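Have a look at the structure below, then the notes.
The values are calculated or read from the model by the stated rules, or taken from the named source; none is laboratory data. Please read these numbers as outputs of a predicted model, since none were measured by experiment. Positions of Cβ are backbone-derived with ideal geometry, glycine not excepted, and every protein chain shown enters the neighbour counts.
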Amino acid sequence: MLDPADPAFARDPYPFYARLRAQGPAACVPLANGSSAWLVTGYEQARAVLADSRFSNVPPRGAGRPKADSPAQRARARLGRHMLNTDAPDHTRLRRLTAAAFSPRRVNALRPRIEVLVKELLAELGSRAVGGTPVDLVDGFAFPLPVLVIGEVLGVPEADRADLRAWTYRVGSPTDALPAGAVDAAWVALHDYFEQLIADKRARPGDDLFSDLVHDSAEGGLTDGELLAMAFLLLFAGYETTMNLLASASLLLLAHPAERAAAEADPSRRWPAVVEETLRYASPLEGTTWRRATRQVDLGEGVHIPAGASVLVVLAAANRDPAFFDDPDTFHPARYLPAPGRARPAPHAAFGHGPHFCVGSGLARLEAQIALPLLFSHLPDLRLAADPARLPYRPGLLVRGPQTLPVHLDGNSTTR
């Protein structure tokens, strides 16, 4: 049985996935909530499912545990009608409306602003680490940077961002992992917040993506319901992946000082490789959104997924498939360095594949490639203040990363 709320599973799910993969590229697994689902753990099959229109992203009616009608259920239903939960042609239309905001040109134009934000955060982090008091790299670095960046892109007021983090954390976690009522309250709070934000953008539009989407809505581009769901998706996806990428990369480099030294010695080649290997080795998205087989599908190797089955593509497992990645359970950034006579490694699946490939992948990469070198150059004496094997991890099957990352800044650390 798979229990996503189990802290031990959240900390290290890879042995479980390896056992599943040894049985075949996909398996039907009983879940702790009493249901069952097909988990796809093989790399080749994961990419095939993500590109196959026979697997629908539209959630079936009554999916999950039966729940009585309530304000939280209605809020969740409205916010859940976003483009990740749609198929073509609706998905194609919704993606087109947002893709321009994350074009390479627009993303790269954010580079100077991201550098300023990183340096401000690191100066603040250094000032808090006085007298040997540990500081949390998640709260002080990995969370605020992507929230500040996506907040500026989308037009979310800075004063609201801490509340939004708390609410999105709750709705992205299993209900069993939180106090009773916490998830329902978060769905209602998010729904009400985005309704008010959209109203504010209509009254006082700015130079941001939400304002553009509100204008598109007035011109017939988005319905009111689509606008509300899009606001939720872009905020949630806009910082969750990058937060976990930054936290996991920081942890890995602190635990592998030789890899950190190699990156600092050859920054132009090694830092991008560190980012790519972190995306593979510690996938910030553990799994994709749920899919449903619209008919029986033969995945090969004797695996037949029946019509109507719930299917989860486990990106974290696909990225460690030994048939496609040598020594997959080892953190080895050099695998992503070009080398004469060596075949390029298989592309990791951390951002998905096919029509639902993450629209903000370029922004996530840029933030990490800027932030990680600055973190270790500005705080050179950074060291772990806890056993990495005992750090708590995000529960659930959607996102993956350490909840906290306590570190010490020794007396010789500077904020250059």
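Go through A307, A258, A263 for me and flag whichever is buried (at least 20 other Cβ atoms within 10 Å of the Cβ) and of a type outside the set (S, T, N, Q).
After ruling out the rest, the residue left standing is A263.
Yes or no: A109 among the aliphatic types (A, V, I, L, M), within 21 Å of T241 (Cα to Cα) and surrounded by fewer than 21 Cβ atoms within 10 Å (Cβ to Cβ)?
Yes: the conditions hold for A109.
Answer yes or no: is there a residue in the stretch 88-106 that is out of contact with any helix residue (DSSP H, G or I) (no Cβ under 8 Å at 6 or more places or on another chain) and among the acidic types (D, E).
No, because not a single residue in the stretch 88-106 is out of contact with any helix residue (DSSP H, G or I) (no Cβ under 8 Å at 6 or more places or on another chain) and among the acidic types (D, E).
Take residues that are under 19 Å from G401 (Cα atoms) and without any contact (Cβ under 8 Å) to a residue 60 or more places away in the chain and tell me which of the helices (runs of 4 or more DSSP H) falling wholly in the stretch 121-221 contain 1 or more.
144-154, 161-171
Being surrounded by 15 or more Cβ atoms within 10 Å (Cβ to Cβ), under 23 Å from the mean Cα position of the chain (by Cα), of a type in the set (A, V, I, L, M, F, W, C) and closer than 24 Å to A142 by Cβ: is that true of A317 here?
In short, yes.
What are the residues in the stretch 117-157 that are more than 19 Å from P373 (Cα to Cα) and among the acidic types (D, E), if any?
Selection gives E152 alone.
For G238, only one of the following conditions fails: (1) small (G, A, S); (2) in a loop (DSSP other than H, G, I, E, B); (3) under 21 Å from the mean Cα position of the chain (by Cα). What is its number?
With (1) small (G, A, S); (2) in a loop (DSSP other than H, G, I, E, B); (3) under 21 Å from the mean Cα position of the chain (by Cα) applied to G238, the lone miss is (2).
If I filter the stretch 169-180 for residues that are of a type in the set (A, V, I, L, M, F, W, C), crowded, with 19+ Cβ neighbours inside 10 Å, in contact with a Leu (Cβ under 8 Å, 6 or more places away or on another chain) and on the phi < 0 side of the Ramachandran plot, do I get at least one hit?
For the stretch 169-180, residues of a type in the set (A, V, I, L, M, F, W, C), crowded, with 19+ Cβ neighbours inside 10 Å, in contact with a Leu (Cβ under 8 Å, 6 or more places away or on another chain) and on the phi < 0 side of the Ramachandran plot: present.
Give the residue, chosen from A5, A77, that is over 23 Å from P284 (Cβ atoms), surrounded by 14 or more Cβ atoms within 10 Å (Cβ to Cβ) and modelled with pLDDT under 90.
A77
Residue by residue through the stretch 331-368, note down the ones that are of a type in the set (A, V, I, L, M, F, W, C), under 16 Å from A249 (Cα atoms) and in contact with a Lys or Arg (Cβ under 7 Å, 6 or more places away or on another chain).
Within the stretch 331-368, A350, L366 qualify.
May I ask you to list the residues in the stretch 341-398 that are surrounded by 16 or more Cβ atoms within 10 Å (Cβ to Cβ) and of a type in the set (S, T, N, Q)?
Listed by number, the residues that qualify are S361, Q369.
Taking the stated definitions as given, is L39 crowded, with 17+ Cβ neighbours inside 10 Å and at pLDDT 95 or above?
When the stated conditions are applied, L39 passes them.
Is at least one residue of the stretch 276-284 out of contact with any strand residue (DSSP E or B) (no Cβ under 7 Å at 6 or more places or on another chain), assigned to a loop (DSSP other than H, G, I, E, B) and among the small types (G, A, S)?
There is at least one residue in the stretch 276-284 that is out of contact with any strand residue (DSSP E or B) (no Cβ under 7 Å at 6 or more places or on another chain), assigned to a loop (DSSP other than H, G, I, E, B) and among the small types (G, A, S).
Given (1) within 20 Å of the chain's Cα centre (by Cα); (2) farther than 21 Å from F210 by Cα; (3) surrounded by 20 or more Cβ atoms within 10 Å (Cβ to Cβ), where does P146 come up short, assuming only one miss?
It fails just one condition, (2).
Of the residues D184, D160, which is of a type in the set (D, E) and crowded, with 17+ Cβ neighbours inside 10 Å?
The unique qualifying residue is D184.
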